[in-house]
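See structure below.
Nothing in this text is a laboratory measurement; each read-out follows from the coordinates by a stated rule. None of these values were measured; they are calculated from a predicted model. No Cβ is skipped: glycine too gets one built from the backbone with ideal geometry, and neighbour counts run over all protein chains shown.
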Amino acid sequence: MGRVQARISRFQNRGAAGRALAGLLGKYARSSDVIVMALPRGGVVVGAEVARALHVALDVIGVRKIGAPRQPELAIGAVASGGVRVWNQSLIDGLDVAVSVLDEAAQTAETELAHREMRYRHGRPYPELRDRRVIVVDDGVATGATMSAAISAVAAMRPRRIVAAVPFASPRACIALGEVADEVVCLWRDDQLVAVSQAYMDFAQVTDGEVITLLAEVSQHGDSESRERLDAEVLDSGGEET
């Protein structure tokens, strides 16, 4: 079972959510075999704060959500690096989405993902994840499709352990993530919220430029000494429930 703390009214913004989330991940601090793989775009803001607090490496995992027809914020599926496709079949059945529509949407998403990865990585290969402990971070999970796709892509790289870490998730999504990750860490679960944006007071759109800047600022080898600001509460918590 993933850890969860008391109900939160709403997060101020993604940065605050990331700093709070790091408090449940203290056992992974300052470990050379740990890396945060964040989902673009909003997940990179959260992931950067987690990586900074824990003093571990940060990178980005290529993934693209597929929204429902006429409800683009509702994820009915996702594509990820390596040709991964994940579908939320119950939602697809409920919305009666045709197979041809799904295939077209997946192909479009894969093309957009390739372009985005080129912007983020500039040809740089993925970090070596084999036998490492990987913390996969997003800014929230409603259906679980996007996060599941990211985890599937990470799993193909043979890590030792996969931790799905999010500030907010629906209970159903947490169950789904528990089936594909070794550990689920979530600050707040609520089945009344249907969109991740509802968990934040400030849910401003994150640009590609901001993602690239954050990836450059947070070293691939963990934060530099000049940027140290590890909160003692993170280490003292030992990742325990608050």
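Quick notes on this one:
- Counting neighbouring beta carbons within 10 Å and listing from fewest to most, the residues Asp59, Asp96 come out as Asp96, Asp59.
- Sites Gln192 and Val101, calculated FRET efficiency, Cβ-Cβ separation with R0 25 Å, nearest 0.05: 0.25
- Note on Ala204 and Asp131: their simple-model spin labels are 4.4 nm apart, each label 7 Å out from Cα toward Cβ.
- Zero-based 5 Å bins, Cα pair distances in the chain, whole percents: 1, 7, 15, 20, 21, 18, 11, 5, 2, 1, 0
- In the chain, Cα pairs under 8 Å separated by at least six residues give a relative contact order of 32 percent.
- Of the GluC sites (Glu not before Pro) in region 85-139, those whose Cβ has at most 12 other Cβ within 10 Å and which sit in DSSP loop: Glu128
- Pairwise label distance in nanometres, Met118 with Lys27, each label 7 Å out on the Cα-Cβ vector: 4.3
- Measuring gaps between exposed loop sites in the chain (trypsin sites (Lys or Arg not before Pro); DSSP loop; at most 13 other Cβ atoms within 10 Å), the longest gap, sites not included, is 161-228.
- Neighbour-count ranking [beta-carbon atoms within 10 angstrom, fewest first] of Ser197, Ser9: Ser9, Ser197
- Computed from the Cβ-Cβ distance with R0 of 35 Å, the FRET efficiency linking Arg160 to Gln12 stands at 0.55.
- Summarised as an ellipsoid, region 59-105 has semi-axes of 20, 11, 9 Å, derived from the eigenvalues of the Cα gyration tensor scaled by 5 and square-rooted, with the largest first.
- Electrostatic tally near Ala16: other residues with Cβ closer than 12 Å to its Cβ, Lys and Arg +1, Asp and Glu -1, net 0.
- Calculated P(r) of region 116-179 - Cα pairs past 14 Å, %: 60
- Global size of region 110-225 as Cα Rg and Dmax, reported in angstrom: 15.2, 42
- Each stretch of four or more DSSP H residues adds -39500 (n - 2.57); spread over every residue of the chain, this sum gives -11000 deg cm²/dmol at 222 nm.
- Axial C-alpha extent at least 24 Å, average Kyte-Doolittle at least -1.0 - helices from the chain (DSSP): 99-121
- Quotient of the Cα radius of gyration of region 153-196 and 2.2 N^0.38 Å, N being its number of residues: 1.24.
- Percent of Cα-Cα distances greater than 18 Å, calculated over region 36-89: 43
- Computed log₁₀ I(q)/I(0) - Debye formula, equal Cα scatterers, no solvent, region 175-219, q 0.14, 0.15, 0.20, 0.27 Å⁻¹: -0.62, -0.70, -0.94, -0.93
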